[in-house]
Amino acid sequence: MPEPASEPQSSLYNYARERYSALGVDTEAALATLAETPVSMHCWQGDDVGGFEGAGDSAGSGILATGNQPGRATNFDELVSDIVAAGNLIPGPLRLNLHAIYATDNAGGADRDMLTAEHFRSWIDWAKAAGWGIDFNPTCFAHPRAADGFTLAHRDPAVRRFWVDHCIAARRIGAVIGRELGKPVVNNIWIPDGYKDTPADRAAPRARLLESLEAVFAADVAREWNIDAVESKLFGIGVESYTAGSHEFYLAFAAKHQVGLCLDAGHFHPTESVADKISAVLLFVPHLLLHVSRGVRWDSDHVVALDDPTRDMLAEVAGSGALDRISIGMDFFDASINRIAAWAIGARNTKKALLQGLLLPRKRLEEAENTGDFGTRLALLEDAKGLPWNLVWEEFCRRQDTPADGEWMDSVRNYEKDVLAKRG
Ligand code: RNT
Ligand code: ZN
């Protein structure tokens with residue numbers, strides 16, 4: 001007797017579709033939303049947040065990539081090649097998240113306060129051809145004027161002015177890129193400002209930060225093409241005792257000035273739920289940016305895992321009814337493993353978490369909740385964990401022409417052998 005033909009993908013998917021449909025979940029709708037929701041891929045995983053300025057050293061700014069995996073990208077061609085290699089292993093739409101230290105066309109050596117979109121021409125042209133959107137970040141670290149750990153909250157008005165001008169330049173760059181690509185740029189301000197040890201005065205740096213930010217946002221920049229966000233942090237490595245831009249500071253600032261808020265999954269107390277913040281802040285801020293990341297002890301930037309905090313966070317996004325006001329970006333930097341693998345693992349997990357959220361039997365759950373049937377609510381939530389979401393994920397990978405789980409790592413190994421291993 002001949003061996004029975006192996007099950008075609010689509011019949012496994014059909015099985016999953018029926019299982020979900022019995023719970024009132026439309027897998028096709030989930031797949032459609034997943035296919036329309038981009039994840040912003042942070043360029044800085046490719047070179048350990050090095051940038052192209054040459055002097056790049058983010059030490060002292062509370063962030064640090066550790067590890068010595070060979071093959072770090074050192075220029076535009078290498079970084080773009082790595083981004084494409086990783087992008088090919090990630091199903092569905094991506095955006096590219098750039099930092100100001102990645103200016104490509106700056107032979108004149110313009111300082112950061114003088115940067116314009118033309119200094120990023122190579123990226124813009126690449127993104128246009130690739131069909132990717134771009135996001136942007138002023139880089140308020142790894143610079144002589146940030147050497148003492150303060151930027152927008154610096155006590156010297158001349159130093160503050162420099163960083164205000166840099167942030168304004170970044171917003172203008174965002175608007176130009178957004179208009180040119182026909183896709184708005186999310187522009188995120190994060191600063192390292194803070195102290196390693198107990199400050200005498202917690203108020204003054206915050207007052208200065210407020211004044212600086214008000215100057216940054218007073219500059220007239222097309223909101224249609226540049227969406228501003230501000231990112232808080234609890235503490236950083238070497239900045240353990242005080243961060244001027246705390247959560248309360250930025251939440252209040254974003255609500256008052258109606259700019260976006262960035263919630264980085266690694267920037268809160270370990271038992272705090274970022275998932276729980278989403279529905280609250282969406283009532284008060286116009287836009288929410290997520291930095292999907294993973295805190296491990298004192299590091300906030302491990303590669304995203306498919307863990308409960310990530311699943312809970314993306315489930316809140318999936319059920320928010322506000323996908324048009326939420327941007328999903330990744331933020332981690334691990335130099336101890338293959339950097340392409342890091343991107344692929346993190347992005348695939350982010351998208352899996354979103355898919356799981358989209359596949360929750362939401363109608364049934366709400367019905368149970370609204371009738372006070374909390375036993376059914378818990379049963380549904382727990383049973384949902386065992387539903388065949390992975391078959392829907394495999395179907396997504398198939399439709400997007402992207403390798404399935406267990407199949408994509410070969411391509412990383414080949415790239416490591418053929419490209420990364422040959423770099424100086
Ligand atoms: C730092 C912030 C910030 C940076 C990037 C490089 O703690 O998370 O988002 O990681 O801007
Ligand atoms: Zn972040």
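Structure summary
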quantity	calculated
Residues of segment 140-175 with amide N under 15 Å of the 7 Å Cα→Cβ point at Ala207	153-157
Given Lys183/Lys351; Lys128/Lys417; Lys277/Lys363; Lys128/Lys363; Lys233/Lys417, the pairs whose alpha carbons are separated by over 28 Å	Lys128/Lys417; Lys128/Lys363; Lys233/Lys417
Beta bridges by DSSP in segment 203-291, antiparallel share as percent, to the nearest 5	10
Leading residue at positive end of dipole, segment 181-230 (Cβ point charges), from Phe217, Val185, Ala207	Val185
Net charge of neighbours whose Cβ lies under 9 Å from the Cβ of His267, counting Lys and Arg as +1 and Asp and Glu as -1	-1
Potential lengthening between Glu28 and Leu283 on full extension [0.36 nm per residue; Cα-Cα distance subtracted]	88.9 nm
Charge dipole magnitude, Cβ of K and R +1, D and E -1 - segment 311-424, Cα centre, debye nearest 20	400
Computed accessible area, Lys256, all protein chains, 1.4 angstrom probe, square angstrom	150
Average Cα contact separation per residue, segment 86-150, under 8 Å, 6 or more apart, as relative contact order %	42
Solution diffusion estimate, µm²/s, Stokes-Einstein, segment 263-308, Kirkwood Rh from C-alpha pairs, 20 °C, viscosity 1.002 mPa s	189
Label-point gap, in nm, between Arg325 and Asp111 - each point 7 angstrom along Cα→Cβ	4.0
Cut-off 11 Å between beta-carbons: net charge of the residues surrounding Asp220, Lys and Arg +1, Asp and Glu -1	+3
In nm, spacing of pseudo-spin labels at Ser11 and Lys256 (7 Å Cα→C-beta vector)	6.4
Near-label residues of segment 184-208 by backbone N, under 18 Å of a point 7 Å along Cα→Cβ of Asp148	192-208
Given charges at beta-carbon only (K, R positive; D, E negative), |dipole| of the chain in Debye	480
Segment Glu180-Asp276, length gained on full extension (0.36 nm per residue, minus Cα span)	31.0 nm
Rounded to the nearest 10 Å², the accessible area of Asp193 at probe 1.4 Å	0
Solvent-accessible area of Trp126 with every protein chain in place, 1.4 Å probe, in Å² to the nearest 10	50
Accessible surface of the chain [probe 1.4 Å, protein heavy atoms]: carbon and sulfur percent	52
Mean accessible surface per residue for segment 102-227, computed with a 1.4 Å probe while every protein chain stays in place, in Å²	42
Linear extension gain, Thr198 paired with Asp307, 0.36 nm per residue minus alpha-carbon span	35.9 nm
Alpha-carbon Debye profile of segment 270-405, log10 I(q)/I(0) at 0.18, 0.21 Å⁻¹	-1.15, -1.38
Test item: Cα-centred dipole of segment 269-368, Lys/Arg +1 and Asp/Glu -1 on Cβ, debye	340
Accessible area, probe 1.4 Å, largest first, for residues Ser10, Ser246	Ser10, Ser246
Per residue accessible area of segment 243-313, 1.4 Å probe, in Å²	43
For Asp165, net neighbour charge (Lys/Arg +1, Asp/Glu -1) across residues whose Cβ lies under 13 Å away	+4
All-pairs Cα distance distribution in the chain, expressed in whole percent, bin size 10 Å	4, 21, 31, 25, 12, 4, 1, 0, 0
Relative contact order [Cα under 8 Å, 6+ residues apart], the chain, whole percent	20
Between helix 27-36 and the chain: long-axis angle, C-alpha atoms, 0 to 90°, nearest 10	20
GNM result for the chain, Cα springs below 10 Å: residue of Gly149, Gly109, Gly194 fluctuating most strongly	Gly109
Contact order normalised by residue count of segment 37-144, Cα under 8 Å, 6+ apart, percent	37
Top of Pro199, Pro93, Pro38 by mean-square fluctuation, Gaussian network on the chain, Cα under 10 Å	Pro199
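The values are calculated or read from the model by the stated rules, or taken from the named source; none is laboratory data. Small disclaimer: the values here were computed from a predicted structure and weren't measured. Here Cβ is always computed from backbone atoms with ideal geometry, including for glycine, and neighbour counts include all displayed protein chains. All accessible areas refer to the heavy atoms of the entire protein, side chains included, with ligands and DNA or RNA removed. Shrake-Rupley method; radii C 1.70, N 1.55, O 1.52, S 1.80 Å.
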